[in-house]
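Everything below concerns the one structure shown next.
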Amino acid sequence: MIILIAAALALTADATPNVAGAPVASNLEYVMPIEGSWAYSANADGSEATFDNQSGQPQLTIRCTRSTRRVSLLKPGTASPALWVWTSSQSRSLPATYDATAARVVAELGAYDPLLDAIASSRGRIGFSTSGLAALVVPPWANVGRVIEDCRV
C-alpha cells in the first residue's frame, strides 16, 4: 500500500529539476522579446553592447575585456548566486557575483565559451534570469556577436 502511494506521489511530482537560477518558465521558445534596442560601443580595452528598453533603461550589457579575453554578462537586479541564460540551442546556469555599487548581477565567460556562440546565433530571442524570477527576454542583434568577436581577435 505504501509503495502505491509513493508511486502515485512520484507521478504528480514535477519532473523538471530545480536548477539554481532557472526562471519560472525555463522554455522561452515562444516568449516575445521585450521592446527596445541594442547599442554597441568600443572602449580602450574592448567593447560592449547594451540593451535598453523602450524607456531607455539598460536591461542587459554584454562586455568584452580584451586584456583578459573575458566576456561579462551584466543584468540589473538583486543579489543572486547564479545567472541563468537561455538560447534557442542551449541553456546554462552560470555562477554570478553581485555588484552592489551598480546594483547588478555579473557572470563571466571565457571568450571561446560555446554559450557565447549560442547567444550570438540564437533564433529570435535570448533569455536571462536570476533567482527563479521571470526571465528577461531580448532579441539577439548583431551587436552581441560583434562584442564576442572583439574578445577573440
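Read-outs: derived from the displayed coordinates by stated rules, not from any lab. Predicted, not measured: the structure shown is a model, and the values here were computed from it. Every residue, glycine among them, receives a Cβ derived from its backbone with ideal geometry; neighbour counts consider all protein chains shown.
Remarks
- Residue ID - surrounded by the fewest Cβ atoms within 10 Å (Cβ to Cβ), chosen from residues in the stretch 25-46 that are part of a loop (DSSP other than H, G, I, E, B) and more than 15 Å from the chain's Cα centre (by Cα): ALA44
- ALA82 vs. criteria closer than 19 Å to ILE126 by Cα and crowded, with 21+ Cβ neighbours inside 10 Å: no
- Residue pairs meeting the criteria (Cβ under 6 Å; at least 6 apart or on separate chains; first in contact (Cβ under 8 Å) with a residue 60 or more places away in the chain, in the stretch 114-137; second surrounded by fewer than 15 Cβ atoms within 10 Å (Cβ to Cβ)): ALA134/VAL24
Table: residues versus (1) assigned to a strand (DSSP E or B); (2) in contact (Cβ under 8 Å) with a residue 12 or more places away in the chain; (3) within 12 Å of the chain's Cα centre (by Cα).
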| position | (1), (2), (3) |
| --- | --- |
| GLU48 | yes, yes, no |
| LEU60 | yes, yes, yes |
| ARG63 | yes, yes, no |
| THR68 | no, no, no |
| LEU74 | yes, yes, yes |
| THR78 | no, yes, no |
| LEU83 | yes, yes, yes |
| SER89 | no, yes, no |
| ARG92 | yes, yes, yes |
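- Summed over the stretch 114-130, the residues that are touching a strand residue (DSSP E or B) at 6+ places or on another chain (Cβ under 8 Å), farther than 17 Å from TYR30 by Cα and not β-branched (Val, Ile, Thr) give a count of 2.
- On the stretch given as the stretch 112-142, residues that are outside any strand (DSSP E or B) and buried (at least 20 other Cβ atoms within 10 Å of the Cβ) total 7.
- Among the conditions (1) buried (at least 17 other Cβ atoms within 10 Å of the Cβ); (2) on the phi < 0 side of the Ramachandran plot; (3) not basic (Lys, Arg), the only one that THR68 does not satisfy is (1).
- Check on VAL105, closer than 25 Å to VAL31 by Cα, assigned to a strand (DSSP E or B) and under 10 Å from the mean Cα position of the chain (by Cα): no
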